[in-house]
Amino acid sequence: VQLQASGGGLVQAGGSLRLSCAASRRTASNNGMGWFRQAPGKEREFVAAISWNGGRTAYADSVKGRFTISRDNAKNTVNLQLSSLKPEDTALYYCAVGMRSWASADSTEYAYWGQGTQVTVSS
């Protein structure tokens, strides 16, 4: 499965962005999908995840109430709506396809990763 993430950019604090990730195969529709991010000098961290049918979602505490994950299995895409952005949200955002059907916050449970899209939030 190949993943192509897009939608990143430069935005002022308080602004919004919508990230999208397109999977190359319909196989991804049977698997949980997630978003992770990595800021310079920091380890990759979990952001949000969604189960195979969108029925369950999970969020990192730092983004809960500000970010929303969704998916469209007909289009093999997963999206991440980022709102009320803060400078500390600045990072390279990666989408990933899980090895199981549920929404997992554990990066070791993800088999395929996209190349990342940069989000930069200015203060």
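Odds and ends about this structure:
- Annotation note: Cβ proximity below 6 Å between a residue of the stretch 112-123 that is assigned to a loop (DSSP other than H, G, I, E, B) and a residue that is open to solvent by 40 Å² or more (accessible area, probe 1.4 Å) (sequence gap 6+ or interchain) occurs for G114/Y94; G116/L92; G116/Y94; S123/A13; S123/P87.
- Selection status of A28, touching a Leu at 6+ places or on another chain (Cβ under 6 Å), modelled with pLDDT under 95 and open to solvent by less than 60 Å² (accessible area, probe 1.4 Å): no
- The stretch 35-54, subset of a type in the set (D, E, K, R) and under 10 Å from L92 (Cα atoms), residue least open to solvent (accessible area, probe 1.4 Å): R37
- Top-ranked residue of the stretch 55-68 - restricted to ones that are closer than 18 Å to V119 by Cβ and small (G, A, S), ranked as least open to solvent (accessible area, probe 1.4 Å): A60
- Picking from residues in the stretch 108-121 that are among the polar types (S, T, N, Q) and open to solvent by 40 Å² or more (accessible area, probe 1.4 Å), the one that is modelled with the lowest pLDDT is Q115.
- Against the conditions (1) assigned to a strand (DSSP E or B); (2) more than 24 Å from S29 (Cβ to Cβ); (3) over 11 Å from the mean Cα position of the chain (by Cα), L85 satisfies every one except (1).
- Every pair of residues 6+ apart whose Cβ atoms lie under 6 Å, when the first sits in the stretch 61-80 and is assigned to a strand (DSSP E or B) while the second is open to solvent by 30 Å² or more (accessible area, probe 1.4 Å) and basic (K, R): V78/R71
- Within the stretch 1-14, residues that are within 15 Å of L80 (Cα to Cα) have Cβ atoms under 6 Å from residues that are among the small types (G, A, S) in these pairs: L3/A23; L3/G114; Q4/A22; A5/G114; S6/S20; G7/S20, counting only partners at least 6 apart in sequence or on another chain.
- Subset tally (residues that are over 11 Å from A103 (Cα atoms), of a type outside the set (K, R) and in a strand (DSSP E or B)) for the stretch 28-45: 3
The values are calculated or read from the model by the stated rules, or taken from the named source; none is laboratory data. Just so it is clear, the structure is predicted and the values come from calculations on it, not from any experiment. Reconstructed Cβ throughout: ideal geometry from the backbone, glycine too, with neighbour counts over all protein chains shown. To get the accessible areas, we keep the full protein, side chains included, count just its heavy atoms, and leave off ligands, DNA and RNA. Shrake-Rupley method; radii C 1.70, N 1.55, O 1.52, S 1.80 Å.
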